[in-house]
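Q: Questions regarding the structure given below will be posed in turn.
The values are calculated or read from the model by the stated rules, or taken from the named source; none is laboratory data. Quick caveat: nothing in here was measured; it's all calculated off a predicted structure. Using ideal geometry, Cβ is built from the backbone for each residue, glycine included, and neighbour counts are taken over all protein chains shown.
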4 protein chains.
Amino acid sequence: MRLMFVGDIVGRAGRDVLTRELPGLRRDLKADFVVVNGENSARGAGITEKILDEILAAGADVVTGGNHSWDQREAMGFIDKRPRLMRPHNYPAGTPGRGAAVFDAPGGRKVLVLNLMGRLFMDPLDDPFAVLERELAKHRLGTTVHAAVLDFHAEATSEKMAMGHFADGRVSLCVGTHTHVPTADLMILDGGTAYQSDAGMTGDYNSVIGMNKEVPVLRFTRKLPTERLSPAEGEATLCGLFLETDDRTGLAKRVEPIRVGGRLSETVPAL
Amino acid sequence: MRLMFVGDIVGRAGRDVLTRELPGLRRDLKADFVVVNGENSARGAGITEKILDEILAAGADVVTGGNHSWDQREAMGFIDKRPRLMRPHNYPAGTPGRGAAVFDAPGGRKVLVLNLMGRLFMDPLDDPFAVLERELAKHRLGTTVHAAVLDFHAEATSEKMAMGHFADGRVSLCVGTHTHVPTADLMILDGGTAYQSDAGMTGDYNSVIGMNKEVPVLRFTRKLPTERLSPAEGEATLCGLFLETDDRTGLAKRVEPIRVGGRLSETVPAL
Amino acid sequence: MRLMFVGDIVGRAGRDVLTRELPGLRRDLKADFVVVNGENSARGAGITEKILDEILAAGADVVTGGNHSWDQREAMGFIDKRPRLMRPHNYPAGTPGRGAAVFDAPGGRKVLVLNLMGRLFMDPLDDPFAVLERELAKHRLGTTVHAAVLDFHAEATSEKMAMGHFADGRVSLCVGTHTHVPTADLMILDGGTAYQSDAGMTGDYNSVIGMNKEVPVLRFTRKLPTERLSPAEGEATLCGLFLETDDRTGLAKRVEPIRVGGRLSETVPAL
Amino acid sequence: MRLMFVGDIVGRAGRDVLTRELPGLRRDLKADFVVVNGENSARGAGITEKILDEILAAGADVVTGGNHSWDQREAMGFIDKRPRLMRPHNYPAGTPGRGAAVFDAPGGRKVLVLNLMGRLFMDPLDDPFAVLERELAKHRLGTTVHAAVLDFHAEATSEKMAMGHFADGRVSLCVGTHTHVPTADLMILDGGTAYQSDAGMTGDYNSVIGMNKEVPVLRFTRKLPTERLSPAEGEATLCGLFLETDDRTGLAKRVEPIRVGGRLSETVPAL
Ligand SMILES: [Fe+2]
Ligand SMILES: [Fe+2]
Ligand SMILES: [Fe+2]
Ligand SMILES: [Fe+2]
Ligand SMILES: [Fe+2]
Ligand SMILES: [Fe+2]
Ligand SMILES: [Fe+2]
Ligand SMILES: [Fe+2]
């Protein structure tokens, strides 16, 4: 199977590059299934139902979230009616939505999508390792599901690499989100799981993690209240990866970075 | 001027790839000046005087540090006698060593090397922004110094990008270290400063940030005391960057990633 | 029922004052049941089986723990054979020991003892609120158990007061431990639960939270490695509380502080 | 000299008990100088100029602050015109206001008031230990100033006790604020400095650190956005301490807790 993953969409600039580039990328890469992290798609903070529709229309099959999933309060209301929108699965019991579900891909194939949040330097949710263990017990990669994509929304590289090895051989892909910077460590781990510490954001990199830079710099240099953060609106970079898996095992055969537009060096896999 | 920066050397595997690859890279890239972060070079934690000599012999002009600078206690004793070994400059007054100094480069040129540590999700040192401001007041890029390299040892991408913009136009390079994962966001900022959020470690990436993976995974899945961490000893990747600056301004003309050996996709700039 | 709770025993000084004072206090206050937090009783870090016996011999019925429960590794081995030693119940599944159990008190009465750990500014364990909810569903205060004592080992006063209100009316006592300083906020909450943010340590207060003060001060003023911490060995203060409950409801009728010995102002309830 | 210190005033309930009780306490205790922490006096967050006047009118000589000093933005504007309002002195250079100043007391005596903020589990300001050292170099207790009061606004008991010992013999009083819970560890340290880890808030203790309890409990049990916090408006407790110093040395002769009103056990020193 051919899959794409796209990192945190930040604001209008992020949505614009997604809308402009994803349809062509999806077609050129013959992608069967596309997962997009949308936690910052609405003004840099959260997601609205209208923007969810925009991201799905651009070619996403599933939209994942993170610590910003609820920044637009309306998401708490509509997430249960929109199963293609996910949130980290390790929120406490009773939280609207879910972060583990099986979706249909072309050819009758099944894709398990998992969304979990880390705890190091973050608000403590339930143990993401234990929650993953529990979810993986319900599925069998290469048998009941043909691919499994884990969006691990986390801050620390140690927790991300630990999760990669913990999930190795049991998911097709473990990709980090949340830091808003793409890492250059794509690899296939010993057990066959593709891994990248962070997909990077899809937003304007002439910024501080997607936000106009003046206010964040002030927050570090002075320790006084500032204006609100606002998303940078220069030309954005779509950041993500392309993954090819073996349908018989669900494991990775090839993983390559995607960076299109904006300030970062461009790279698109050749088929 | 042509400069190289190499990220955190982790243990023997990191030293081996450095010793094997740096001389050739330095020669092929005609590098005038090389900075290497060595905070994890001794068993993954700290640096000894013997290992400092090993890194200098491999082709480093200056060796920078971070939160692990003192893990080998002997470093507190010898750092003042070895000016090519630096530590973050924003340690409290009275700390042995220094993190801001001017070094000679070929052709009578001067290179200012700065080493600072971030505070977000880290032990709070003095304000790295204020300390940088104070140090930059002593020098004038393109006049008193021909290049200035800032190794910003920090955890959070927000603090790193903020530092990049804060230093923009005033240093040749602002490169992050500490997360042990290379980022794919090399760019030249608006003011002419080259930037990368993290150079990545020089170590074995079949690991958890350079350490054998079993123990770190246990630390996340159980919450009990474990054995000590030990550096992974598989084939390592040398991670860093190549920078070309304009001697008249000290600003960046070109910045490109370097990754050689081990598990990560290889890339070396073509001259 | 009359109960006593004694806060974190720190080192030999803490054990000495416990051994000297607890028997008399227990007798004078006609206490039916005594809970002692012992997480720092062995050299300031953890507990050994020998020291557990010493604390039980001094008059404790149950010894609770915290983040330091495992500092003496042998505790992982013997805790399952010694049911009177508890550890926070919200450690991950599979952790040796337990933090919720019913014990016998005189007159055929039953006491539920709960030990949980907070997550704010601490290593994230499982959600203590959810774990408490689950445990309280198994018991009925005033019916199946005659009293219930919750040792909430936590750093932040906000999490502690939130836990107090969350547990209010469902346990006899919610008392904090871990900060090693007694608070002067003993009260009976609206629902009938006695509350104190922290019982304080049982140790030498001429110290930094029970440890000889030179090294901790150095850790704050310099940021260099130091010698190990060692428990202060001056005269210690036994810190804790006395609680009287109504056996028919399990709720609190009276709660008063106990401070005996050492530097703090002395207070013992009059019967 | 006879001094009073009153802990963080929280909202209207805190102001009400202050206005009602402080004049009588000041008179009965013949207090020469009164310091009140006001960082939460305006709706639980920050301070306005009108409320500053209210607190001064109730009998405060100086009003100190903390991490909430700027929650009411107008404070950034008026603090420089109102020298009796202080903020932690270790905010970065350029911050409005100050946290170290000498005030007049009756009989031509001088009182140095210091306000510093801790860094453990808090936003990192400049090093409070180094800043204190620098300020103390300007004054001589018992000679140029007759008393010195340090309000150390900090979270962790370890940092507070370390500060107490660091300042011991050089200030009359080191009292903590910020946790909003009074501690029962008032003592005179070896060098003659009176110490209390936290004065406690002046607010309604039927709450979570002064705020209505429903919302804080929800924040711990669910991890979803909630309504704003609002100060609890039940009857408040005035929390603080009374200190008597020797004018010739500036050191403490006697220190005792004050708790008046509301839910906590009442205590007022007898003269
Ligand atoms: Fe994000
Ligand atoms: Fe995020
Ligand atoms: Fe490192
Ligand atoms: Fe580091
Ligand atoms: Fe303790
Ligand atoms: Fe503890
Ligand atoms: Fe406060
Ligand atoms: Fe505060």
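Q: So is residue D:179 in contact with an Asp or Glu (Cβ under 9 Å, 6 or more places away or on another chain), within 7 Å of another protein chain (Cβ to nearest Cβ) and without any contact (Cβ under 8 Å) to a residue 12 or more places away in the chain or not?
A: No, not satisfied.
Q: To continue, here is another question. Which residues, taken from the stretch B:219-268, are part of a loop (DSSP other than H, G, I, E, B), closer than 30 Å to residue B:139 by Cα and in contact with a helix residue (DSSP H, G or I) (Cβ under 9 Å, 6 or more places away or on another chain)?
A: Answer for the stretch B:219-268, where residues must be part of a loop (DSSP other than H, G, I, E, B), closer than 30 Å to residue B:139 by Cα and in contact with a helix residue (DSSP H, G or I) (Cβ under 9 Å, 6 or more places away or on another chain): just B:247.
Q: What pairs come up if the first residue lies in the stretch C:147-160 and is farther than 18 Å from residue D:197 by Cα, the second is assigned to a strand (DSSP E or B) and within 16 Å of ligand 1 (Cβ to nearest atom), and their beta carbons are under 9 Å apart, counting only those six or more places apart or on different chains?
A: none
Q: Let me ask another. Yes or no: residue C:79 at pLDDT 95 or above, within 14 Å of ligand 5 (Cβ to nearest atom), buried (at least 20 other Cβ atoms within 10 Å of the Cβ) and within 14 Å of chain B (Cβ to nearest Cβ)?
A: no
Q: What residue, of D:16, D:61, D:8, is among the acidic types (Asp, Glu), crowded, with 22+ Cβ neighbours inside 10 Å, away from chain A (no Cβ under 14 Å) and away from ligand 6 (no atom under 16 Å from the Cβ)?
A: Being among the acidic types (Asp, Glu), crowded, with 22+ Cβ neighbours inside 10 Å, away from chain A (no Cβ under 14 Å) and away from ligand 6 (no atom under 16 Å from the Cβ) holds for just one of D:16, D:61, D:8, which is D:8.
Q: Which one of these does residue D:135 not meet: (1) of a type in the set (D, E, K, R); (2) in a loop (DSSP other than H, G, I, E, B); (3) touching a residue at least 40 places away in the same chain (Cβ under 8 Å)?
A: Condition not satisfied by residue D:135: (2).
Q: Moving to a separate point now. Please identify the pairs in which a residue from the stretch D:204-229 that is at the interface with chain C (Cβ under 7 Å from one of its Cβ atoms) has its Cβ atom under 8 Å from the Cβ atom of a residue that is surrounded by 20 or more Cβ atoms within 10 Å (Cβ to Cβ) and among the hydroxyl-bearing types (Ser, Thr, Tyr), counting only partners at least 6 apart or on another chain.
A: D:205/D:237; D:208/C:158; D:209/C:157; D:209/C:158; D:209/D:179; D:213/D:207; D:216/C:158
Q: Something else: Would you list the strands (runs of 3 or more DSSP E) that sit entirely within the stretch B:1-74 and hold 2 or more residues that are within 16 Å of ligand 4 (Cβ to nearest atom) and either closer than 23 Å to residue B:234 by Cα or polar (S, T, N, Q) (or both)?
A: Those strands (runs of 3 or more DSSP E) span B:2-6, B:33-37.
Q: Give just the number: which of (1) farther than 16 Å from residue A:156 by Cβ; (2) part of a loop (DSSP other than H, G, I, E, B) does residue B:179 not satisfy?
A: The failed condition is (1).
Q: Please specify each residue of the stretch B:187-206 satisfying the condition of being buried (at least 24 other Cβ atoms within 10 Å of the Cβ), under 15 Å from residue A:182 (Cα atoms) and more than 10 Å from the chain's Cα centre (by Cα).
A: If the condition is that a residue be buried (at least 24 other Cβ atoms within 10 Å of the Cβ), under 15 Å from residue A:182 (Cα atoms) and more than 10 Å from the chain's Cα centre (by Cα), then B:195, B:196, B:197 are the ones that fit.
Q: Still on this structure: Going by the structure shown, is residue D:79 within 19 Å of residue D:8 (Cβ to Cβ), more than 16 Å from ligand 8 (Cβ to nearest atom), β-branched (Val, Ile, Thr) and touching a Gly at 6+ places or on another chain (Cβ under 7 Å)?
A: yes
Q: Looking for whichever is over 18 Å from residue C:25 (Cβ atoms) and touching a Gly at 6+ places or on another chain (Cβ under 8 Å) here; the options are C:236, C:232. Which one fits?
A: Result: C:232 is the single residue among C:236, C:232 that is over 18 Å from residue C:25 (Cβ atoms) and touching a Gly at 6+ places or on another chain (Cβ under 8 Å).
Q: From the list D:238, D:243, exactly one residue is touching a residue at least 60 places away in the same chain (Cβ under 8 Å), under 20 Å from residue D:68 (Cα atoms) and surrounded by 23 or more Cβ atoms within 10 Å (Cβ to Cβ). Which is it?
A: Exactly one of D:238, D:243 is touching a residue at least 60 places away in the same chain (Cβ under 8 Å), under 20 Å from residue D:68 (Cα atoms) and surrounded by 23 or more Cβ atoms within 10 Å (Cβ to Cβ), namely D:238.
Q: Taking the stretch B:213-235 on its own, how many of its residues are loosely packed, with under 15 Cβ neighbours inside 10 Å, charged (D, E, K, R) and more than 29 Å from residue B:36 (Cα to Cα)?
A: Total meeting the criteria: 1.
Q: For the stretch C:40-50, enumerate the residues that are under 16 Å from the mean Cα position of the chain (by Cα) and surrounded by fewer than 21 Cβ atoms within 10 Å (Cβ to Cβ).
A: C:45
Q: Taking residue D:40 as the residue in question, decide whether it is touching a strand residue (DSSP E or B) at 6+ places or on another chain (Cβ under 7 Å), closer than 19 Å to residue A:224 by Cβ and more than 14 Å from chain A (Cβ to nearest Cβ).
A: When the stated conditions are applied, residue D:40 passes them.
Q: Now for a different question. Quick check on the stretch A:87-104. Is at least one of its residues within 14 Å of ligand 2 (Cβ to nearest atom), hydrophobic (A, V, I, L, M, F, W, C) and in contact with a helix residue (DSSP H, G or I) (Cβ under 7 Å, 6 or more places away or on another chain)?
A: no
Q: Name the residues in the stretch B:112-170 that are more than 9 Å from every other protein chain (Cβ to nearest Cβ), out of contact with any Lys or Arg (no Cβ under 8 Å at 6 or more places or on another chain) and among the β-branched types (Val, Ile, Thr), would you?
A: Within the stretch B:112-170, B:113, B:131, B:143, B:149 qualify.
Q: Residues that are part of a helix (DSSP H, G or I) and away from ligand 2 (no atom under 16 Å from the Cβ): does the stretch C:166-173 have at least one?
A: Yes, the stretch C:166-173 contains a residue that is part of a helix (DSSP H, G or I) and away from ligand 2 (no atom under 16 Å from the Cβ).
Q: Please verify whether the stretch C:87-103 includes one or more residues that are within 14 Å of ligand 5 (Cβ to nearest atom) and either among the hydrophobic types (A, V, I, L, M, F, W, C) or surrounded by fewer than 24 Cβ atoms within 10 Å (Cβ to Cβ) (or both).
A: Within the stretch C:87-103, none of the residues are within 14 Å of ligand 5 (Cβ to nearest atom) and either among the hydrophobic types (A, V, I, L, M, F, W, C) or surrounded by fewer than 24 Cβ atoms within 10 Å (Cβ to Cβ) (or both).
Q: A further question follows. Just name the residue that is farthest from ligand 7 (Cβ to nearest atom) out of those in the stretch C:131-154 that are of a type outside the set (A, V, I, L, M, F, W, C) and crowded, with 24+ Cβ neighbours inside 10 Å.
A: Ranking the qualifying residues of the stretch C:131-154, first place goes to C:146.
Q: I would also like to ask the following. Out of all the residues in the stretch A:82-97, which are under 18 Å from the mean Cα position of the chain (by Cα) and either within 14 Å of chain D (Cβ to nearest Cβ) or under 25 Å from residue A:245 (Cα atoms) (or both)?
A: Within the stretch A:82-97, A:83, A:84, A:85, A:86, A:87, A:88, A:89, A:90, A:91, A:97 qualify.
Q: Can you find even one residue in the stretch C:193-216 that is outside any helix (DSSP H, G or I), within 16 Å of ligand 5 (Cβ to nearest atom) and among the charged types (D, E, K, R)?
A: yes
Q: In the list C:122, C:163, which residue meets the criterion of being in contact (Cβ under 8 Å) with a residue 24 or more places away in the chain, part of a helix (DSSP H, G or I) and either under 19 Å from residue A:90 (Cβ atoms) or within 18 Å of the chain's Cα centre (by Cα) (or both)?
A: Only one candidate qualifies: C:163.
Q: While we're looking at this one, here's another question. Return the residues of the stretch A:1-46 that are among the β-branched types (Val, Ile, Thr) and either over 29 Å from residue A:142 (Cβ atoms) or within 16 Å of ligand 3 (Cβ to nearest atom) (or both); say none if nothing qualifies.
A: Scanning the stretch A:1-46 gives A:9, A:10, A:17, A:19.
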